Amino acid sequence: MEPALECTAKLFSLCLIRGEIDPSGSSLVEFRLIDAVFKCGGMSDDGVEIGILKVLISAVRSNCVLVRGECLNQVIKTCYNVYLGSVSTCNQICAKAVLAQICVIVFKRVEEDAMDVKVRTIFVVDLLELTDKSFNEVGLVQFVQHFIEEAMGVSNDAAAGIVSLELRNGEVSRTTNENGEGEGVHDESKIREDGFVLFKNLCKFSMKFSTLENPDDQILLRGKVLSLELLKIVMENGGPIWRTNERFLSAVKQYLCLSLLKNSAVSVMSIFQLQCSILMSLLSKFRSGLKAEIGIFFPMLILRVLENVLQPSFLQKMTVLNLLEKIFQDPQIIVDIFVNYDCDVDAPNLFERTVNGLLKTALGPPSGSTTTLSPAQDIAFRIESVKCLAFIIKSMGAWMDQQFRVDDFDPSKSHETDVSNENPSISHGEDGAIVENDLHYEANCELPETATFEQRRAFKIEFQKGISLFNRKPSKGIDFLVSSKKIGSSPEEIALFLKNTTGLNEAMIGDYLGEREDLSLKVMHAYVDSFNFEGMDFGQAIRFFLRGFRLPGEAQKIDRIMEKFAERYCKCNPSSFTSADTAYVLAYSVILLNTDAHNSTVKGKMSKADFVRNNRGIDDGKDLPEEYLGTLYDHIVKNEIKMKAESSALQSKQANSTNKLLGFEGILNLWKQVEEKPLGADGSLIRNIQEQFKAKTGISESVYYDVTDVAILRFMVEVCWAPMLAAFSMTLDQSDDKTATSQSLQGFRHAVHVTAVMGMQTQRDAFVTSVAKFTYLHCAADMKQKNVDAVKTIISIALEEGNYLQEAWEHILTCLSRFQHLQLLGEGVAPDASFLTVPPHSETEDRTTPKASGFPSLKKKGTDLQNSAVMAVFRGGSYDSSTTRGVNNSSGPVTPEQINNFISNLNLLDQIGIFELNHIFAQSTRLNSEAIVSFVKALCKVSMVELQSPTDPRVFSLTKIVEIAHYNMNRIRLVWTRIWNVLSNFFVSVGLSENLSVAIFVMDSLRQLAMKFLEREELANYNFQNEFLRPFVIVMQKSSSAEIRELIVRCVSQMVLSRVSNVKSGWRSVFTVFTTAAADERKNIILLAFDTVEKIVRDYFPYITETETTTFTDCVRCLTTFTNSRLNSDVSLNAIAFLRFCAVKLADGGLIYLSATAVADDASDEHTFTDKDDHVYYWVPLLTGLSKVTFDPRPAIRKSALEVLFNILKDHGHLFSRPFWIGAFNSVIFPIFNTHRDKRESEDLNEEKLPPGSVSRESEDNTWTSETCMLALQCLVDLFVSFFEMVRSQLVGVVSVLTSFICRGQSHASTGVAALVRLVGDLGRKLSEDEWREIFLAVKETAVSNLPEFRKLVRTMDTIVVPGVVEAYSELYPEHEFANDDLEDDSTFLDVFLQITSELYKTHQLFLSSANIAILLDIFLSVASHAHELCSDATLQLKLKKVCSILGVSDPPVVHFENESYLNYLNFLQILLPENSPSLPDDMNIESKLVSVCEDIIQIYLKCAGHGSTQQQSGKRPVPHWTPRLGSTKKEELGARTSLVVIALQVLCGLQRDSFRRYVSQFFPLLVDLVRSEHSSDEVQHVLSDIFQSYIGPIIMNS
């Protein structure tokens, strides 16, 4: 027989037999042949069995033979029989392998709907992975593998040469049916039809269960396991047809899912493993079409086991954990599970529950609980759960990275992955057309955006929150759900929620329905009315009604519910009872019976007779039929009335309320009823779950969503980050297992990657902080290998996630700082504090570390640890402490064992080289613009902590700051500016540190960095060098340490002198530093700074002026500040000299801008310097700087500044344009004199505010000496005269300056007079009439403006009351106060002023017009009139006397001032008389004015003598009256006026005869009054006598 079987196998393998083998077909010969092979299966011979298997595999594999229909089914059965009935282990394995290979062949043909397909050969080892492990012998496996490969290989070789022939024969040899139609197309469908039938049969084989008579049927169990294995192979090799072909997809739902459901109650381990493997295949490939089914099986197979922490089956849970590990290696599966279940209101939270279940497993059983796990099993669970969590977050990161890499991503594509790596988004249908993957049922709809999923997720969370609240407090839960609009507010909508929502506590539903509040009553009525009891008997109706809730324990609540139930039942069944009362009482009786019959605490059970007796007369006094009551009794006693929840499985305390979603309670019931029973699940429960499957079809749950937006990861992270953090942290903290800690650190690493890239700051910082804490660098004495691995993880995170760490950089850099500290201590290197106290050698390029004795290496045993820094590290501290000493800083002795342990811990750090540490900083150049700024900020914070340590300051981070700044200098300007803003603030903060050594080190580090930065050239008009050097400026200005300021000066000097050619905008900061140094209190700092400035100006002047125009301004400001140095006059004088040197350089360098139009006559006098002239920015600061120096209180400095200023203007003035000159006068020259005048006025004002009797002091700082005044005015006059043609428009301003000096007192008056006379004398004929007029008007304005100064004494006299005077004088003169010698000073000023006026006229009368002379006359007249007004005020005179008596001073010479004013007026008028000034025109009436003045003088004298002016009335004689004698005061005043009246009389006598005759009639009455008046001397009488005798007498005689 064996040879025959061998020959038959050859016939099939060599394709010598062709056609279709089907019992119903026409190929009866082939069928008889294969049928004979089937019949040989019962011979139980090993060789025959092998031959049969070989024939069958050859027949199925042959491309020329189509074994189909019942024949194919018989092939499978025969192989089954060999596997189950053979006594040979080898034959059993061969049969199993043949079956597996046949399934692969058949379903591969089904995929392509063709016979000629490439089929992979199975691996026998894989078949023995889950079952038949006892057969797994190497020789046996190799034999079977060879058997399969031989069978497959021969068939392939034989078919290779006849493929084309076979295709042609297939086309021409088609048979026709009775209608003449070809069967070719139908033949193609036969392949798939056979595949469908085979799949269906395999599922049926897997659902066979033992009978009650033979519950331990092992053959049936092996067949079931084999069927599940074959289904596993089919699903693992399944292609797109299982997703695109509705028939095959329905087969999976209808048969495979049913098989899984029925076998879920079987406790055989191999079956459970196979189910998990099949579920893995469904998840990997078919999840799009099996959303509802996976929602059932995932909790049933995985979560049920995963969440069982206390008493799990070890093999089951390990199987689940291994399955999860495989699932989570596919990133898309994780995302799809979250999107389609956790974001679906009607689906369970698979992802969330899985993560929480893994967390519970990783944490292990709670302390104090009873568990069946051994310690080894618990550790295995913990390791695997942590590994799963790590895979989850790793896959999330991989999916995120993939989405970021895909630029043009097509959201219609599927992400499902199969083993063949074929494109899952496109599949070929039966006709070869492209069929869209049904992964997306919403293919024609708009793809939901991430925001939609966010809303759905938020809705689900809120909804579940409301359910949880309802389960604690029903009314509050309802209020919350209604207010948040999760359910409607009507009673009907609330009732629908209570009836249909899973997860609600049935007891709470009953309590709520039994409440008597208005809303609760309405809801209860709506709830009961929603049931339809029509056609139901009473027992069935009440059982159906009570399935959804538990009756409350309070009788009143039960009464309300049963009353409404009875009413509703009678309404649905009107003929059932006479009234609703009957139904109400019977309902109560049924409830009592149910409790009595099924409550174990009730001892005496109610009998049927008791039940009937209790219900007599309840139907309107009549009895209900006894048979009816008996039947009702039997049903209740035999079948307890239960809620759906009571029908479900034991509700695990570890599962949340979503366990009951999607009918999970029914599945749990399966396990409760039939667990440990291999007979299968209850049929009613199976039907119930199948109904739920059908009910879910078509609702939103069946819509499978696909998301490509990485934003969905945010919601996933929000769900899983806290459990992961807890699991990883607890594992690292409690476990020393290398695998566990390694997986935890990997989890941390991937978690940081996801949270950092997604920008989830809180979560990212939590993970980074946790890893940083587990480095134990803050407590090195407790360090272990896992902590060293944590340090490695920190370094990896820094290198890989640097662009996204932001604020988390601070934790990483803190760890690196502590790591470096430990390394240095371990090597015995001296701490930084040992050399921070040594001042730096700022003359060198880089700081040279002083040689320190250091410490002996700690890694040598026996080392002394008593050094404070070492002990601080040894004792450790908290992670957040700024120093290593802290919570563990005990003062107890340290044992040798502790020392050795500490040293060995330090040795562990040798695993990490310094290269890895430095690599982080070197790689900072690869950080993006945002990341590098965050990195620098964090590094500055860490460095600040290091440097501010009061006992052990360190410079590790500071040196790294210099390094990374150097590395990143080549970044674009915008980024580098942001970096330097951070670094600048850092250097300033530390540079102002109270720790002098730290501040010195920081400034020297900044110098090193600046030296490197200045190596780069800067383009013009940029300002970055200035910003870079600004920290030097700020620290220089704010530091209170002389050492720091000196160091900054040295650093800046060295930088500038060594990089002078590259300095551009940095000059501003450089000169600002030197300017600050110039005002320093230390002489050595001033000298040091000036030496550098001197060298810069002397040797590198072109570099200053070639950059920005403001640079020269800064240089001049710096030199000007040096001129103000009070500590060294030589420096001030040298600075002034260098200002002149700058001017020479400017002139020699051709920086003067001459414009041909600049000398235009229409130049505005108000012209100021404009931006359009570049030379302005060089000369103006120089000139204005010198102008300011002229106010220096030191005469030598002041004089030198004046000389240099005016010499510069004089030497280079020929180069200046007229507009420039105008600006120079307004901005440089006039402010010198105006500022001095303003200071004098402010001094006067301050003196006026002094209380009476106080003595005012003139400060030397605010007063010019006579020598300086003279020099200033001489220089001004010389300059003005020299460039008169250019600056003549400034004549008024110059004259105003000169006249202002005349007003400043006797000490300056002569100088001003001389300067004014010289100015007018030198100009002479150059002045035009208008210019003369301007001069005289200026003189007049000055005189008039100074006249009110005489009344400054009035305010002091306001409080003096003079009898008979009511009006307060303060109302007349409120402006000024009184000073002792005010009147004398004012009179002196006017005397000098009037003398100048006369002198000007005498010298230049030939050039003066009558209009100008009239101005001079007005000056004299104004002074005289003012003097007379002052003397005529009687009240003022009285107050003056009173004040003078109070102050103890002599009376003011008011009369003398009046006399002098009139005398000057008379003298000037005499000069103007025709005989003295013949050129004057006659129309000026000089004689008339002279006579009028003389008359005024005589009248003033007469008034003082007691005689008013004679009033002549026409035709009447004067009336004589008695004049009293004068008092002594009047006589004294009269004596003072005598000289003036004598002069006035003499002037009258001096008139020519004709003039005297002409005017004598005017003053003759005055002469008469003089004769009658009393005189204090004889001079007046002698002159009067002479007048009457010599002048009046002749006139009378001649007439």
Given H placed 1.01 Å from N in the peptide plane, which residues other than close sequence neighbours of Asp619 have an amide H under 5 Å from its amide H? Leu624
Determine ³J(HN,Hα), in whole Hz, for all residues of region 333-338 in sequence, where each value follows from phi through the Karplus function 6.51 cos²θ - 1.76 cosθ + 1.60 and θ = phi - 60°; x replaces Gly and Pro. 4, 4, 5, 5, 4, 5
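Give me the Å³ per residue figure for the convex hull around the C-alpha atoms of region 264-410.
118 Å³
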Lys394 - accessible surface, heavy atoms, 1.4 Å probe, Å² rounded to 10: 100 Å²
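Heavy atoms only, 1.4 Å probe, whole protein assembly: order Val1455, Val1189 by accessible area, highest first.
Val1455, Val1189
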So, taking all protein chains as they sit and a 1.4 Å probe, how much accessible area belongs to Thr925, in Å² rounded to tens? 70 Å²
From the gyration tensor of the Cα coordinates in region 960-1076, what semi-axes in whole Å does the equivalent ellipsoid have, largest first, with each one equal to sqrt(5λ)? 21, 16, 12
Interchain or long-range residues, amide H under 5 Å from Ile21's placed H: Leu66, Val67, Arg68
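For each pair in Lys738/Lys773; Lys108/Lys204; Lys232/Lys317; Lys253/Lys360; Lys941/Lys1012, compute the distance between the two Cα atoms and list the pairs where it is over 29 Å.
From Lys738/Lys773; Lys108/Lys204; Lys232/Lys317; Lys253/Lys360; Lys941/Lys1012, over 29 Å: Lys253/Lys360.
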Given region 702-834, what whole percent of its Cα pairs are spread farther than 22 Å? 42 percent
Space enclosed by the convex hull of the alpha-carbon atoms of region 5-85, per residue, Å³: 72 Å³
Give the span of region 939-1022's Cα atoms along each principal axis, as three whole-Å numbers ordered largest to smallest. 46, 19, 17
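Computed over the Cα atoms of region 526-646, what is the ratio Rg over Rh, Rh following Kirkwood? Kindly include the intermediate steps, with their values, before the conclusion.
On the way: Rg = 13.8 Å, Rh = 14.7 Å.
Radius of gyration over Kirkwood radius for region 526-646 works out to 0.93.
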Grab every C-alpha pair in region 229-308, bin the distances at 10 angstrom width from 0 up to the longest one, and report whole percents. 18, 57, 22, 3
Cα-based Rg then Dmax for region 1035-1133, in Å, read 12.5, 35
If Asp1211, Asp610, Asp736 are ordered by their accessible area, calculated over protein heavy atoms with a 1.4 Å probe, which sequence runs from highest to lowest? Asp736, Asp1211, Asp610
As a test of understanding, state the convex hull volume per residue of region 576-627 from its alpha carbons, in Å³. 73 Å³
Ordered by packing density, taken as the mean number of other Cβ atoms within 10 Å over each peptide's residues, highest first, how do 51-63, 956-968, 487-499 rank? 51-63, 956-968, 487-499
Tell me, what is a quarter of the convex hull surface for the C-alpha atoms of region 1-151, in nm² with one decimal? 8.5 nm²
On the full set of protein chains, 1.4 Å probe, figure out the accessible area of Trp1067 and give it in Å² to the nearest 10. 0 Å²
Vicinal HN-Hα couplings computed from phi for region 1024-1035 (Karplus, 6.51 cos²θ - 1.76 cosθ + 1.60; Hz; Gly/Pro x): 6, 4, 4, 5, 5, 8, 4, x, 4, 5, 5, 5
For region 463-541, just list the percent of Cα-Cα distances falling in each 10 Å bin from zero outward, please. 19, 52, 22, 7, 0
What do you reckon, how do Glu1429, Glu1203 stack up by accessible area (1.4 Å probe), largest on top? Glu1429, Glu1203
Give the separation of the Cα centroids, region 726-742 to region 1177-1237, in Å. 81 Å
Hz values of 3J(HN,Hα) by residue in region 582-592 - Karplus curve (6.51, -1.76, 1.60), Gly and Pro given as x: 4, 5, 4, 5, 5, 4, 4, 5, 5, 4, 5
Of all alpha-carbon pairs in region 300-370, indicate the percentage at a distance above 16 angstrom. 52 percent
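The values are calculated or read from the model by the stated rules, or taken from the named source; none is laboratory data. Remember, predicted model here, so these are calculated numbers, not experimental data. As a convention, Cβ positions derive from the backbone with ideal geometry for all residues, glycine included, and neighbour counts pool all protein chains shown. Remember, those area values only see protein heavy atoms, side chains included, never the ligands or the DNA or RNA. Shrake-Rupley method; radii C 1.70, N 1.55, O 1.52, S 1.80 Å.
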